[in-house]
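Asker: What follows is a single structure, and I will ask about it in a moment.
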């Protein structure tokens, strides 16, 4: 999280200085036609939040795919298998897009400070336990874990929608909120 914090400090400082330095212009002058230099909040159409969103969502999606792939051989419910395939098919291409954005932005693929359980990530212990289950026990554990996992993704996506600036990242975030909310509804129905 130190790195994410430092990514936010420079852009915020640049914005603060830009806001304070009126340069003799009249109050309310619209700077939208002016290009902002390096270290600004928006460089090449993205900001620090967009970078953090991609860096955090990639490992989040990777873990969901790891969980989903287990359903092919361990799930007893055809609906759980179908849902797992749907998750894998949606999140694989999203990982590729986000990886491409980070490469274009010259940003590391690693979030630096790492993720924490509040992001909906499962612990190593949770993942090991899931790998030992099969049949209905797997179905139940998979659904319960994936609901929490999706809730974490939705929270990250909502932050991106509110604070990001890169249109494609914001569009992906909106899609994640919509699709994963619908999947949570399905998973809760299956759990009942």
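The values are calculated or read from the model by the stated rules, or taken from the named source; none is laboratory data. Since we're looking at a predicted model, the values are computed, not measured. All Cβ positions, even for glycine, are placed from backbone atoms using ideal geometry, and neighbour counts span all protein chains on display.
Asker: Kindly indicate whether any position in region 125-136 is in contact with a helix residue (DSSP H, G or I) (Cβ under 6 Å, 6 or more places away or on another chain), more than 15 Å from residue 53 (Cα to Cα) and not in a helix (DSSP H, G or I).
Answerer: Yes: one or more hits.
Asker: Let me ask you something else. Working only within region 164-178, note down all residues that are surrounded by fewer than 18 Cβ atoms within 10 Å (Cβ to Cβ), in contact (Cβ under 8 Å) with a residue 24 or more places away in the chain and assigned to a helix (DSSP H, G or I).
Answerer: Result: 167, 168.
Asker: Continuing with the same structure: Determine if region 118-139 includes at least one residue that is more than 20 Å from residue 69 (Cα to Cα) and under 15 Å from the mean Cα position of the chain (by Cα).
Answerer: Yes.
Asker: So, one more: Pick from region 124-154 the residues that are at pLDDT 95 or above and loosely packed, with under 12 Cβ neighbours inside 10 Å: which of them is nearest to residue 72 (Cα to Cα)?
Answerer: Per the stated criteria, the residue is 135.
Asker: Being within 24 Å of residue 159 (Cβ to Cβ) and free of Cβ contacts under 8 Å to residues at least 60 places away in the same chain narrows it down to one residue among 59, 78, 93; which is it?
Answerer: 93
Asker: Additional query: Mind checking which pairs have a first residue in region 129-157 that is in contact (Cβ under 8 Å) with a residue 60 or more places away in the chain and on the phi > 0 side of the Ramachandran plot and a second that is surrounded by fewer than 19 Cβ atoms within 10 Å (Cβ to Cβ) and outside any helix (DSSP H, G or I), Cβ under 8 Å, 6 or more apart or different chains?
Answerer: 135/76
Asker: Can you tell me which of 109, 68, 54 is in contact with a helix residue (DSSP H, G or I) (Cβ under 8 Å, 6 or more places away or on another chain), modelled with pLDDT of 80 or more and not in a helix (DSSP H, G or I)?
Answerer: Exactly one residue qualifies, and that residue is 109.
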